[in-house]
Amino acid sequence: MKSKIWIHLVLIVGAVVMVVPFFWMISTSLKTYVESVQIPPTIMPSDPQFSNYLAVFESADFFLYYINTFLMTAGRTLAQLLLCSMAAYAFARLVFPFKNTIFILILSVLMVPMQVILIPNYALLTEFGWVDTFYALIVPGMFSAFGVFLLRQFFMGIPKELDEAALIDGCSHWGIYWRIILPNAKPALVALAIFTILNSWNDFLWPLVMTNSESMRVLSVGIASFQGQYSTDFPLLMAAAFLSTIPMLIMFIFLQKHLIAGISLGGVRR
Amino acid sequence: MANVATEHRTGTRHTKKKKLHDHRLWAVLFVGPVFLGLFTFYMMPALASFGLAFTFWDGLTAPSFAGLDNIIALFNSDIFMRSLVNTIVFTGVAVPVTVSLATMIAVLLNQRIKGMIIYRTLYFLPVVTMPVAVGMVWLWLYNTEFGLINYVLGIIGLPEPEWLFNPNIALLSVIAVYVWMTVGNSVILILAGLQGVSTTYYEASKIDGASKMDQFFKITLPLITPTLFFVTVTSMITSLQVFDLIFVMIGDTPAIVNPIRTIVYGVYESGFMLSQMGYASAQAFILFLMILLFTIIQFWGQKKWVHYDA
């Protein structure tokens, strides 16, 4: 019993360290500028300024940043779910020449850090005329070696008897993939979806490099340039930071179970 | 009889061949899109970046051959050497701290205690938060004049360091934020590993009179070494590539020997602020070699401490 109290004590100290920055972000975001630089600081805002959030929308086109981020995230995620699961089906179920070689080639992409491909991609997308368009934000992010690997591993675990029965019923491979494999692979698909959503929403270096006009800005780039502009107005900055991260916090709270199952399944945040 | 048998055999071979043929078309349809995409946007650029490292290129006019000039310039540059050392220090400190902290938290969370889900949620919150936003919040917490941390330290009567402006501790300050941000991810992974450890081991050791400490070091730790290995390798690879936090916390001070700049920051600065694409590619390529080398060392070293046989 006594040892349980100690465990709680240690865990609570850790939890406080985790939560205080969030608390401080929200608390500051509701203060007036004067109150935010007051010494000693107030713990809670004396008169909550919800107008700070309106001010964020007035000083930058945050609404547009939301739309851009949403389109980038949705485009990448839907495409990855479809394209990666198709490839995974082939590697799990079909017999074709050079299957292993192609699979290993795809896996080798996992080793290449993003920064290495950044500059040649910038040149390539310039060539395509895609720089500063949604094509640059979405298309290269539609393909994921990690997604193929994760789904292939999961598909291998689905009993083959299921598709053999379907084959006898005259199903094509597309039919087996669509009607047998996909419905049976929901946990893995949800895991991949959550990873892709999270990484696209929070992505920074890629959109920073591949877009330059204000109308193409996503949230991460938006708040970073916001910081450059209002570097000392911390209530405004904290409101912007909180606004940009709210959707992911909400998603996390609702999809916690899936997210944690997914991490245990897929291994890592990529 | 023999005739029938041959006919039968060729019959199956025929259908098998037909099936194989069918598979080929399906394989092109299923794998084609992803392979084409990965080839265009990942494989080809990775190879191109190797070539670009040996050129001078401003991103607009045609690149010209530079031989080893970029590499030589890098190793003669104080700025790059500083970034290289910073990147190694960053990973060298962040990874052991994250993994050991995460192991401790995961072991505590693995006890049957009330509120486990709440703790897990709270520890994981920073992982889903946008890194740029995390950087901004911590800039504010670290603020020397009005920051919460120094205010609290002042009350307790402790010294109030200039977290990000004191060159001796600036990097450590950023590492602390990074650990704060990523530890939850490792906790979840290690927790999954711990839950795979069969309870019978503990029961047997209890009969033998083993203490909790003995149990942890002699049973738990060896059994989760495969998980710990995985967590170490992946967090090493990601921490070598840290950018968002550095970008936000460094502010607008290009080309200065900044105490918190990393290699990836240098790639961005050279390539996209100073238009030295060849020079930037050389830095990216060195980073890639570093990641490869450290990963190989890890895989080679695992024989000494990872137990797969349980």
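Residues considered: B:THR55, B:THR98, B:THR61. Of these, the only one that is among the β-branched types (Val, Ile, Thr), in contact with a helix residue (DSSP H, G or I) (Cβ under 6 Å, 6 or more places away or on another chain) and outside the structural domain of B:PHE229 (by TED's automatic domain parsing) is B:THR55. The condition of being among the hydroxyl-bearing types (Ser, Thr, Tyr) and either surrounded by fewer than 19 Cβ atoms within 10 Å (Cβ to Cβ) or touching a Cys at 6+ places or on another chain (Cβ under 8 Å) (or both) holds for only one of B:SER235, B:SER270, B:SER281, B:SER275, that being B:SER275. Within segment A:26-78, the set of residues being at pLDDT 90 or above and among the small types (Gly, Ala, Ser) comprises A:SER27, A:SER29, A:SER51, A:ALA55, A:ALA74, A:GLY75. Kindly indicate which of B:VAL107, B:VAL99, B:VAL127 is modelled with pLDDT of 95 or more and under 26 Å from B:THR234 (Cβ atoms). Selected residue: B:VAL99, the only one of B:VAL107, B:VAL99, B:VAL127 that is modelled with pLDDT of 95 or more and under 26 Å from B:THR234 (Cβ atoms). Pairing residues of segment A:169-182 that are more than 10 Å from B:TRP26 (Cβ to Cβ) with residues that are among the β-branched types (Val, Ile, Thr), at Cβ distances under 7 Å and at least 6 apart in sequence or on separate chains, gives A:ILE181/A:ILE158.
In segment B:132-145, of all residues being more than 7 Å from chain A (Cβ to nearest Cβ) and either of a type in the set (Gly, Ala, Ser) or part of a loop (DSSP other than H, G, I, E, B) (or both), the one that is farthest from B:TYR178 (Cα to Cα) corresponds to B:GLU145. Residues in segment A:201-219 that are more than 9 Å from chain B (Cβ to nearest Cβ) and part of a helix (DSSP H, G or I): A:TRP206, A:PRO207, A:MET210, A:GLU214, A:SER215, A:MET216. For segment B:272-297, the set of residues classified as more than 9 Å from every other protein chain (Cβ to nearest Cβ), without any contact (Cβ under 8 Å) to a residue 60 or more places away in the chain and part of a helix (DSSP H, G or I) consists of B:MET273, B:LEU289, B:LEU293, B:ILE296, B:ILE297, listed by residue number.
On inspection, B:ILE237 qualifies as within 8 Å of another protein chain (Cβ to nearest Cβ) and either without any contact (Cβ under 8 Å) to a residue 24 or more places away in the chain or under 15 Å from the mean Cα position of the chain (by Cα) (or both).
Of everything in segment B:110-119, what is surrounded by 14 or more Cβ atoms within 10 Å (Cβ to Cβ) and at the interface with chain A (Cβ under 7 Å from one of its Cβ atoms)? Give them in sequence order.
B:TYR119
Kindly indicate whether B:GLY251 is under 16 Å from B:LEU171 (Cβ atoms), over 19 Å from the mean Cα position of the chain (by Cα) and within 9 Å of another protein chain (Cβ to nearest Cβ). It is true that B:GLY251 is under 16 Å from B:LEU171 (Cβ atoms), over 19 Å from the mean Cα position of the chain (by Cα) and within 9 Å of another protein chain (Cβ to nearest Cβ).
Within this structure, B:ILE88 fails the test of being facing another protein chain (nearest Cβ under 10 Å) and either surrounded by fewer than 24 Cβ atoms within 10 Å (Cβ to Cβ) or in contact (Cβ under 8 Å) with a residue 24 or more places away in the chain (or both).
Please enumerate the residues belonging to segment B:25-72 that are in a helix (DSSP H, G or I) and away from every other protein chain (no Cβ under 11 Å).
Listed by number, the residues that qualify are B:ASP69, B:ASN70, B:ILE71, B:ILE72.
Identification of helices (runs of 4 or more DSSP H) wholly contained in segment A:1-102 with 3 or more residues that are among the hydrophobic types (A, V, I, L, M, F, W, C), within 10 Å of another protein chain (Cβ to nearest Cβ) and out of contact with any Lys or Arg (no Cβ under 7 Å at 6 or more places or on another chain) yields A:2-29, A:62-93. State yes or no: is B:ILE72 within 23 Å of B:PHE50 (Cα to Cα) and of a type in the set (Val, Ile, Thr)? It is true that B:ILE72 is within 23 Å of B:PHE50 (Cα to Cα) and of a type in the set (Val, Ile, Thr). Checking each residue in segment B:19-63 for being in contact with a strand residue (DSSP E or B) (Cβ under 8 Å, 6 or more places away or on another chain) and modelled with pLDDT under 90 picks out only B:PRO63. For segment A:243-259, taking the residues that are surrounded by fewer than 24 Cβ atoms within 10 Å (Cβ to Cβ) and either touching a Ser or Thr at 6+ places or on another chain (Cβ under 9 Å) or of a type in the set (Gly, Ala, Ser) (or both), the one that is modelled with the lowest pLDDT is identified as A:GLN256.
The values are calculated or read from the model by the stated rules, or taken from the named source; none is laboratory data. Worth saying up front: this structure is predicted, and the values here are computed from it rather than measured. All Cβ positions, glycine included, derive from the backbone under ideal geometry; neighbour counts span all protein chains shown.
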